[in-house]
Amino acid sequence: MGRAFVYVILGGGVAAGYAAQEFVKRGVSHGELCIISEEPVAPYERPALSKGFLLPEGSNEERLTPKWYKEHGIELILGTRVKSADVRRKTLLTVTGETISYKILIVATGARALKLEEFGVTGSDAENVCYLRDLADATRLVSVMQSCKDGNAVVIGGGYIGMECAASLVINKINVTMVFPEAHCMGRLFSPKIASYYEEFYKSKGVKFIKGTVLTSFDLNSDGKVTAVSLRDGSKLPADMVVIGIGIRANTSLFEGQLTLEKGGIKVNGKMQSSNTSVYAVGDVAAFPVKMFAETRRLEHVDSARKSARHAVAAIMEPEKTGEFDYLPFFYSRVFTLSWQFYGDNAGEVIHFGDFSGKTFGAYWINKGHLVGSFLEGGTKEQYEGIAKATRLKPAIEDLGELERQGLGFALTASQKPSSSSPPLVAGSSNLVIEKPLHAWYATAGVIVAASVAAFAYWYGRRRRRW
């Protein structure tokens with residue numbers, strides 16, 4: 001038995017929801033589109049909900065509930081895993097034995113969390129060891145947090161998940177120690193000076209840092225729970241719970257040997273089209289050309305997922321009117337009372353500006369004589385838009401000292417120059433949400449690669465009676 005569709009979206013994350021919305025916007029007919037997802041729920045706005053951000057009642061934003069999909073004639077095949085794909089025959093085979101055929105496939109399979117076992121460490125199946133990638137992970141994490149108040153948590157990893165989960169745990173009155181091998185937190189993005197600011201802020205909240213080492217083993221009690229964490233430097237940390245955030249890997253296995261892969265993802269062109277013209281890839285799984293840097297990159301962030309999904313659908317539905325994807329890399333985070341945004345690339349020499357003892361500061365990255373990246377903490381909406389526009393313009397920089405002196409003012413002035421590109425969206429801009437009755441559970445869900453669990457935890461702590 002099988003079913004046939006014109007368009008199939010494989011995956012149920014943010015990219016899938018935005019692709020569906022774009023299909024509807026562009027007039028897809030009832031019965032033409034299908035979404036297949038392993039998760040038991042319709043695509044939802046993972047990062048916004050994990051921040052505890054709820055749109056107010058009466059908002060004009062369109063709510064993509066299961067009812068919305070049904071009203072627009074979109075088939076949802078949920079809780080279903082695809083075990084094989086044949087791109088030549090344009091078919092997908094599910095674990096239940098059903099064959100689903102398509103004319104156009106959009107791969108939005110995202111990425112999975114790296115497991116400790118991949119690094120030779122066993123024990124991540126213990127009851128109080130948590131990862132955070134999807135709804136099931138989030139539900140489990142909340143349950144463990146509830147039973148760990150005033151206890152000790154060890155967070156393994158100093159990236160997005162590590163930093164944001166650490167903040168969440170602190171807010172929930174749990175003692176936190178962070179462990180990671182790098183010299184400072186957020187090593188892939190922050191400069192040492194920027195990282196130092198956030199580490200000192202976290203220390204003021206009671207977080208301890210152990211850097212330059214890694215986890216080697218767990219101590220387990222008779223119930224199979226972790227009671228301590230052993231590190232390569234010989235130290236041992238008591239632990240009532242452990243959160244693992246050591247990176248992700250794109251879900252490409254279904255297409256290995258069938259599609260061209262690059263940078264750990266599915267290689268696509270400027271229209272998000274893979275080496276097979278009937279297959280497109282979007283979001284974390286796509287390695288696409290970043291025009292402003294003239295190279296292929298795979299970006300792990302919700303903003304890229306949203307925009308690449310929309311662009312792919314535009315290219316599918318109106319190929320003659322759709323140009324190359326021209327994306328400005330964008331990352332952001334909100335933890336405690338802090339909020340930062342980054343645009344572009346952190347290549348070249350870094351120039352810091354602003355008051356690092358205060359609330360507003362930032363940095364520029366200069367590569368081959370041009371501004372290629374900008375970071376700002378504590379900015380206003382207009383200031384964030386300014387650094388985004390300036391970064392896209394890539395202005396020539398001749399005097400680094402003068403750039404440091406002008407600081408944020410340089411970007412605000414440069415951004416006033418005419419540009420043919422539309423300004424990138426800033427953090428918080430989204431219109432894919434879920435229905436109100438599901439907020440209590442889904443607000444914990446999602447991909448924290450651009451998502452702050454900290455704000456959610458605050459929201460959760462104030463409303464725990466709803467759970």
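The values are calculated or read from the model by the stated rules, or taken from the named source; none is laboratory data. These numbers were taken from a predicted model, which means no experiment stands behind them. So basically every Cβ, Gly included, is an ideal-geometry build from the backbone, and we count neighbours across all protein chains shown. Side chains included, ligands, DNA and RNA excluded: accessible areas come from the protein's heavy atoms. Shrake-Rupley method; radii C 1.70, N 1.55, O 1.52, S 1.80 Å.
Out of Lys236, Lys208, I need the residue that is of a type in the set (D, E, K, R) and within 20 Å of Cys165 (Cα to Cα). Which one?
None of the other options fit; the residue is Lys208.
Can you pull out the residues in segment 1-22 that are surrounded by fewer than 24 Cβ atoms within 10 Å (Cβ to Cβ) and under 24 Å from the mean Cα position of the chain (by Cα)?
Looking only at segment 1-22, we keep the residues that are surrounded by fewer than 24 Cβ atoms within 10 Å (Cβ to Cβ), and these are 1-7, 21-22.
Gln21, Glu22, listed by residue number.
Regarding Lys115, is this residue basic (Lys, Arg), over 24 Å from Val282 (Cβ atoms), over 20 Å from the mean Cα position of the chain (by Cα) and surrounded by fewer than 17 Cβ atoms within 10 Å (Cβ to Cβ)?
Judged against the criteria, Lys115 is not a match.
Being part of a strand (DSSP E or B) and open to solvent by 20 Å² or more (accessible area, probe 1.4 Å) is the filter; apply it to segment 352-378 and report the residue that is nearest to Phe190 (Cα to Cα).
First pass over segment 352-378, keeping only residues part of a strand (DSSP E or B): 352-354, 361-367, 370-377.
From the residues that got through so far, the ones that are open to solvent by 20 Å² or more (accessible area, probe 1.4 Å) too are 352, 354, 367, 370.
Details: His352: 11, Gly354: 16, Asn367: 16, His370: 19 Å.
Residue satisfying both the conditions and the ranking: His352.
I'd like the residue in segment 16-61 that is among the charged types (D, E, K, R) and at pLDDT 90 or above and, out of all such residues, is farthest from Phe336 (Cα to Cα).
Filtering segment 16-61 for residues that are among the charged types (D, E, K, R) and at pLDDT 90 or above, the one farthest from Phe336 (Cα to Cα) comes out as Glu32.
Inside segment 143-155, can you point out the residues that are open to solvent by less than 10 Å² (accessible area, probe 1.4 Å) and either part of a helix (DSSP H, G or I) or closer than 19 Å to Ser217 by Cβ (or both)?
Matches in segment 143-155: Ala153, Val154, Val155.
For the list (1) among the hydrophobic types (A, V, I, L, M, F, W, C); (2) open to solvent by 30 Å² or more (accessible area, probe 1.4 Å); (3) touching a residue at least 40 places away in the same chain (Cβ under 8 Å), I need the number of the one condition that Ala294 fails.
(3) is the only condition that Ala294 fails.
Which one of the conditions (1) open to solvent by less than 10 Å² (accessible area, probe 1.4 Å); (2) within 23 Å of Lys149 (Cα to Cα) does Cys185 fail to meet, given that it meets all the rest?
Answer for Cys185: the failing condition is (2).
Please enumerate the residues belonging to segment 340-377 that are of a type in the set (D, E, K, R) and either without any contact (Cβ under 8 Å) to a residue 12 or more places away in the chain or touching a Leu at 6+ places or on another chain (Cβ under 8 Å) (or both).
Answer for segment 340-377, where residues must be of a type in the set (D, E, K, R) and either without any contact (Cβ under 8 Å) to a residue 12 or more places away in the chain or touching a Leu at 6+ places or on another chain (Cβ under 8 Å) (or both): Glu349, Asp355, Glu377.
Please state which one of Ala445, Ala427 is under 30 Å from Ala113 (Cα atoms), open to solvent by less than 70 Å² (accessible area, probe 1.4 Å), at pLDDT below 50 and in contact with a helix residue (DSSP H, G or I) (Cβ under 7 Å, 6 or more places away or on another chain).
Ala445
With respect to the numbered conditions (1) at pLDDT below 90; (2) open to solvent by 10 Å² or more (accessible area, probe 1.4 Å); (3) not β-branched (Val, Ile, Thr), which one is the sole condition not fulfilled by Ala138?
So the condition that Ala138 fails would be (2).
Mind listing whichever residues of segment 276-291 are open to solvent by less than 10 Å² (accessible area, probe 1.4 Å) and not in a loop (DSSP other than H, G, I, E, B)?
Within segment 276-291, Val279, Ala281, Gly283, Val285, Ala286, Ala287, Phe288, Val290 qualify.
Can you go through Gly257, Gly212, Gly247, Gly224 and tell me which one is open to solvent by 20 Å² or more (accessible area, probe 1.4 Å), over 23 Å from the mean Cα position of the chain (by Cα) and under 20 Å from Phe119 (Cα atoms)? If you could, list the steps in order and put the result at the bottom.
Values: Gly257 fails: under 20 Å from Phe119 (Cα atoms); Gly247 fails: over 23 Å from the mean Cα position of the chain (by Cα); Gly224 fails: under 20 Å from Phe119 (Cα atoms).
Among Gly257, Gly212, Gly247, Gly224, only Gly212 is open to solvent by 20 Å² or more (accessible area, probe 1.4 Å), over 23 Å from the mean Cα position of the chain (by Cα) and under 20 Å from Phe119 (Cα atoms).
Considering segment 260-298 alone, what residues qualify as being over 21 Å from the mean Cα position of the chain (by Cα) and of a type in the set (S, T, N, Q)?
Thr260, Asn269, Gln273, Ser274, Ser275, Asn276, Thr277, Ser278
What helices (runs of 4 or more DSSP H), lying completely within segment 379-418, carry at least 2 residues that are crowded, with 22+ Cβ neighbours inside 10 Å?
Working: elements: 381-393, 400-406, 408-414.
Here the list reads 381-393, 408-414.
For the condition farther than 20 Å from Ser374 by Cβ and without any contact (Cβ under 8 Å) to a residue 40 or more places away in the chain, what is the one hit in Gly283, Gly323, Gly265? If you could, list the steps in order and put the result at the bottom.
On the way: Gly283 fails: without any contact (Cβ under 8 Å) to a residue 40 or more places away in the chain; Gly323 fails: without any contact (Cβ under 8 Å) to a residue 40 or more places away in the chain.
Checking each option against the conditions leaves just Gly265.
Suppose we filter segment 68-98 for residues that are of a type outside the set (Asp, Glu) and loosely packed, with under 15 Cβ neighbours inside 10 Å; how many remain?
Number of matching residues: 11.
Which condition from (1) open to solvent by less than 20 Å² (accessible area, probe 1.4 Å); (2) touching a strand residue (DSSP E or B) at 6+ places or on another chain (Cβ under 6 Å); (3) touching a residue at least 60 places away in the same chain (Cβ under 8 Å) is the one that Gly110 breaks?
Going through (1) open to solvent by less than 20 Å² (accessible area, probe 1.4 Å); (2) touching a strand residue (DSSP E or B) at 6+ places or on another chain (Cβ under 6 Å); (3) touching a residue at least 60 places away in the same chain (Cβ under 8 Å) one by one, Gly110 breaks only (2).
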